[in-house]
Structures are given as C-alpha cells and as structure tokens.
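Each remark here refers to the structure printed beneath this line.
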Amino acid sequence: DIQMTQSPSSLSASVGDRVTITCRASQSVSSYLNWYQQKPGKAPKLLIYAASSLQSGVPSRFSGSGSGTDFNLSISSLQPEDFAIYYCQQSFSTPRTFGQGTNLEIK
Amino acid sequence: EVELVESGGNLVQPGGSLRLSCAASGFTFTNFNMNWVRQAPGKGLECVSYISDSSNVIYYAESVRGRFTVSRDNAKNSLYLQMNSLRAEDTAVYFCVREFRYGSGWRSGALDIWGQGTMVAVSS
C-alpha cells in the first residue's frame, strides 16, 4: 500500500495567516492526489482534486500544488471557518489511502 | 438535492454481523463508482471498500478482506456493506461515499459526496 504522510500533524495559526500543509507519498502517485477538510462531527468535504484543481464551490483562497511524491495544500488568508482537520488522499492505486490528517487550530 | 443516507449501524458483539445500507438520491446512481470509508473514534480515514458502477470491479482494504462484502442494487439506487466476523477494531463511523470521475482512467477519482455516516460499535 502507498503510505501518505502529512506534516505537520497539528498547526496553530491566526485569522488572516497564510498556511501550507505538506503531504508526502511513499512512491510516486503522479497527480492523483486529493485534499479534504473535515470539521468536528461532520463528513469530510472535497477541496482539491488532481493535486491542483479546485472543487466547485470551494473558495479560491485554497490551492494545491505538487506531483510525484510531494504535495502542498495552501490557504492564502485563513478565515474562522477554515479551522478543521485536513487530509490528503491518493487515488493512484488501491487501496485509496489517506494521510493521517493535519489539525489546523486557532492560535 | 444530491444525497447519501446510511443506515444499519448498531452495537454488536465480537464475531457478529451487520449489514449497512446506503440510499442514494438526486443523481444517476448507475453512473458512479462508490466507496465505504470508515473513521474510528478520534482517528483518521480509511477506505474500506470500492465498487465500480456496474459492480465488475471491487476492492477491499486488507483489514477487512474476507470478512466484508460490498454490493449495490442500481435498480434501487442502493449500496450495501455486509460485515461478518466483526472485531473491536472495526468500531467506527462508516461513510457511504460517491466517487467523482474527473478524467479518463480508474485513477481519476475523488470522493465528492459523503453521507452523514452510521456508527458501528463492536463490544461485548
């Protein structure tokens, strides 16, 4: 199975900050990398697919980049509603595997 | 409105069985591959199973292979997960999830519509 490792595991930031979360795959997944946001007690929400494509309805302050084994999710100016857990997921092979999550908290 | 609604979660003893169901509405169910994703309390996400639109391709996570069986009934717009020989480590919220295909090829998929989840607790 392809292992997905996110860093950091937790991150404290303030409203208006720019933050970047990193996801590393144990082998190349090309651009088959998706990002999700999950808030407490809710199902995850798709933010970015194919490494850099913004899902419909997702604010443009979210962006994704990378290919191969190294990927980033960036949020350009944090809003109060952005504090949540973020997961990366590869769809290059089965089983589809997720990173362990990054908990973005308010500083 | 596009919606997935899971049911069937419950408290069950180790070694027992459960059948989860997922009712889809608001979209053409037969056009989409589907997944079951679970989340143990306070933990991350795990893809448990995948079934293609016509049921000709099915995958399972190693942790459930041989114990869980995924199926679908396109005439009823429904997805199922039969879970046998349940263990304590199967305790989780189980989400029914649609896979959105953004390009050609089976790799071009992302999980765009999620149900609210159904809780499975395995304990004596």
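The values are calculated or read from the model by the stated rules, or taken from the named source; none is laboratory data. Quick caveat, the model's predicted, so the values are computed rather than measured. Backbone-built Cβ (ideal geometry, glycine too); neighbour counts: all protein chains shown.
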Pairs, first more than 14 Å from chain B (Cβ to nearest Cβ) in the range A:75-93, second outside any strand (DSSP E or B) and crowded, with 19+ Cβ neighbours inside 10 Å, C-beta under 8 Å, six or more apart: A:Ile75/A:Asp82
Any chance B:Leu20 is modelled with pLDDT of 95 or more, within 11 Å of chain A (Cβ to nearest Cβ) and touching a strand residue (DSSP E or B) at 6+ places or on another chain (Cβ under 6 Å): no
Within the range B:42-88, tally of residues that are over 17 Å from A:Phe98 (Cβ atoms) and either more than 10 Å from the chain's Cα centre (by Cα) or of a type outside the set (A, V, I, L, M) (or both): 28
Strands (runs of 3 or more DSSP E) contained entirely in the range B:24-113, each with at least 1 residues that are touching a residue at least 60 places away in the same chain (Cβ under 8 Å) and not aliphatic (A, V, I, L, M): B:33-39, B:78-83, B:92-101
Any hit, the range A:22-32, residues being at the interface with chain B (Cβ under 9 Å from one of its Cβ atoms), at negative phi and over 14 Å from the mean Cα position of the chain (by Cα): yes
So A:Ile106, is it aliphatic (A, V, I, L, M), at pLDDT below 95 and over 23 Å from B:Asn35 (Cα atoms): yes
Total residues in the range A:56-84, condition β-branched (Val, Ile, Thr) and closer than 18 Å to A:Pro44 by Cα: 2
Residue under evaluation B:Gln39, criteria (1) within 11 Å of chain A (Cβ to nearest Cβ); (2) within 11 Å of the chain's Cα centre (by Cα), criterion not met: (2)
Output for the range B:44-64, where each listed residue is exposed (fewer than 12 other Cβ atoms within 10 Å of the Cβ), farther than 18 Å from A:Gln90 by Cβ and within 11 Å of chain A (Cβ to nearest Cβ): none
Scope the range B:27-43; condition among the basic types (Lys, Arg) and buried (at least 17 other Cβ atoms within 10 Å of the Cβ); matching residues: B:Arg38
Members of the range A:73-93 that are surrounded by fewer than 18 Cβ atoms within 10 Å (Cβ to Cβ) and either touching a Cys at 6+ places or on another chain (Cβ under 9 Å) or assigned to a strand (DSSP E or B) (or both): A:Ser74
Every residue from the range A:41-71 that is part of a loop (DSSP other than H, G, I, E, B), free of Cβ contacts under 8 Å to residues at least 24 places away in the same chain and within 13 Å of chain B (Cβ to nearest Cβ): A:Gly41, A:Lys42, A:Ala43, A:Ala50, A:Ala51, A:Ser52, A:Gln55, A:Ser56, A:Gly57, A:Val58
Every residue from the range A:1-30 that is assigned to a loop (DSSP other than H, G, I, E, B) and buried (at least 20 other Cβ atoms within 10 Å of the Cβ): A:Val29
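Results for (1) surrounded by 22 or more Cβ atoms within 10 Å (Cβ to Cβ); (2) touching a Pro at 6+ places or on another chain (Cβ under 6 Å); (3) within 14 Å of another protein chain (Cβ to nearest Cβ), shown as yes or no for each residue.
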{"residue": "B:Asp73", "(1), (2), (3)": "no, no, no"}
{"residue": "B:Asn77", "(1), (2), (3)": "no, no, no"}
{"residue": "B:Asn84", "(1), (2), (3)": "no, no, no"}
{"residue": "B:Glu89", "(1), (2), (3)": "no, no, no"}
{"residue": "B:Gly105", "(1), (2), (3)": "no, no, yes"}
{"residue": "B:Gly115", "(1), (2), (3)": "yes, no, yes"}
{"residue": "B:Ala121", "(1), (2), (3)": "no, no, no"}
Boolean, B:Glu6 is of a type in the set (Asp, Glu), over 23 Å from B:Ser104 (Cα atoms) and without any contact (Cβ under 8 Å) to a residue 60 or more places away in the chain: no
